[in-house]
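One structure is given below, encoded as structure tokens.
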Amino acid sequence: MPNKILIALTLIGLQAWGAQAQAQELHRFNVRADDAALAIQGFGQQSGLQIMVSAQDLAGKHLNPVNGEMTTEAAFRTLLAGTGLSPQYVDERSVAIVAAGAVHRSTPAPTAGKEGENAAPGPFRVAQEAVRGAAEVASPADAASGPMLEEVVVTAQKRTERLQDVPVAVSAVSGEALQAAHATSLADYAAYIPSLQVISFTGQPGQVSLALRGITTGSTAANQSVAIYVDDVPVGSSSIYAGGGSSGIDLLPYDVERVEVLEGPQGTLYGASALGGLLKYVTRDPDLRQAQFRAGLDLTGMHNATRAGYGVRASADVPLITDELGATFSISRTYTPGYIDNVAMGNRSFNSGVQDAVRAALLWKPTPDLSLELSALYNRSPFNGSGAVSVYASPGSPALGRYDNVDVERDSNNVTTQLYVARLRYDLGWAGLTSVSSFSRLISLSEVDGSSIFYPFFGVYAPFATRSDVKKFTQELRLASPEH
């Protein structure tokens, strides 16, 4: 017994030491306090912390602006001065902001979730939500007994776990938070995830490479350094010859339960192309109890564009047999207006394009222990040109206007992604058995004006076209115990 007590005390001491070290880290802060939720979100991004706070505790509070270089502890004192709130470290990178004297209570242990493991009942809200900025409050039944911080649940290790129990750096943003922030692309999602950068060399959605903690494969982005997964399935090419790092996939918030980002090498569980980390879409399961219908419309404007941009989307979630069979379907179209003028051809705002996406899923659950999910995804992004402009080589200034291009041939890009998945899960009691079969196809077709390079050989007309067609089949069979 004395040995066990000594070990427990040592672990507690190490956790306390880690939290104390984090509190003394120096960061440069620029946090405005116009909105409490946004202030919490900005503080979390700038400090690298996952922050949880009850919306009930935050309601009506006016936080203080934080500016300058200081320790995390000093920044918290400045932010929360006079509010009656104080930070409590859950672990080295997770902080709960609670009212003075409040007691943190965790939710019950997990029941069945996306990865075949268990997830705690009731709704979850992740830290650093885009608008709410924090974990939401508990259900009304629990509210009377005091404030309760809901746990952040992720599937980073291919099982559903509390964020604080995962031994890797993980950021998670819920689909509801992305909807509230009107985020519809990878570039939008990156604004709410620390350390994630979305790099575009063409200025087109879907034509991007990802970087985590600054780790990339170079300016050409020919190979992936950050893998992209949809649930358990890798998306895109992992080969340098197929431009594996130049194409990303944008899923609508309607289809996404949450977005998880794992920082650092993840090759042990996720294989190739995860040197810098992993971006994982966790999609929504069809609802087996309640029908849901959603629709959305966006209108956008862009400087130097001749037309307005728009986005339309809709989804339907329909239980076909209550508690046994359900289906979900979503469709979207996004038009991005051009803003580059082609002087040589006399085309205004020529680099426009659209994104079309369709997803369907069918879930069959004949028994509580057995489920089969079939899903199909189609994503298409044809664009007429890139966001490149003509510049002088030495000073780097535009040769003509700021938005003028002199290419004789119109640059174009068309990326099509198809993904078909069959997922079978069976609970054996002592372990969970999961089988995931997938087939994906990525077709990329691009054409650029090569006259500036090949003019001596081909004259003015020198288009340079490339096409890649990557087909990938994956099969995973996983047996996971309910415990670590």
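The values are calculated or read from the model by the stated rules, or taken from the named source; none is laboratory data. The structure presented is a predicted model; accordingly, all values stated were derived computationally and were not measured. Every residue, glycine as well, gets a Cβ built from its backbone with ideal geometry; the counts of neighbours run over all protein chains shown. For the accessible areas, the whole protein counts, side chains as well, though only heavy atoms, and no ligand, DNA or RNA atoms are used. Shrake-Rupley method; radii C 1.70, N 1.55, O 1.52, S 1.80 Å.
Structure notes:
- Residue match in region 58-75 (condition: in a helix (DSSP H, G or I) and without any contact (Cβ under 8 Å) to a residue 40 or more places away in the chain): yes
- When each of Ala314, Ala361, Ala344 is tested for being within 23 Å of His182 (Cβ to Cβ), touching a residue at least 12 places away in the same chain (Cβ under 8 Å) and of a type in the set (A, V, I, L, M), the lone residue that passes is Ala314.
- Considering residues of region 418-470 that are among the acidic types (Asp, Glu) and over 26 Å from Leu362 (Cα atoms) only, the residue modelled with the highest pLDDT: Asp469
- Restricting attention to region 382-440, the residues that are of a type in the set (Lys, Arg) and surrounded by fewer than 16 Cβ atoms within 10 Å (Cβ to Cβ) total 1.
- Restricting region 195-207 to residues that are modelled with pLDDT of 65 or more and open to solvent by less than 20 Å² (accessible area, probe 1.4 Å), the residue that is nearest to Ala39 (Cα to Cα): Leu196
- The set of residues in region 42-53 that are assigned to a helix (DSSP H, G or I) and open to solvent by 20 Å² or more (accessible area, probe 1.4 Å) comprises Gln45, Gln46.
- Single residue of Asp404, Asp341, Asp411 found to be among the charged types (D, E, K, R) and within 26 Å of Leu251 (Cα to Cα): Asp411
Rundown of residues vs (1) exposed (fewer than 10 other Cβ atoms within 10 Å of the Cβ); (2) in contact with a Ser or Thr (Cβ under 8 Å, 6 or more places away or on another chain); (3) at pLDDT 80 or above, yes/no style:
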position: Ala16; (1), (2), (3): no, no, no
position: Gln22; (1), (2), (3): no, yes, no
position: Ala55; (1), (2), (3): no, no, no
position: Gly60; (1), (2), (3): yes, no, no
position: Asn64; (1), (2), (3): no, yes, yes
position: Asn67; (1), (2), (3): no, no, yes
position: Met70; (1), (2), (3): no, yes, yes
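- Considering region 153-182, the residues that are closer than 12 Å to Val259 by Cα and part of a loop (DSSP other than H, G, I, E, B) include one that is modelled with the lowest pLDDT, namely Ala156.
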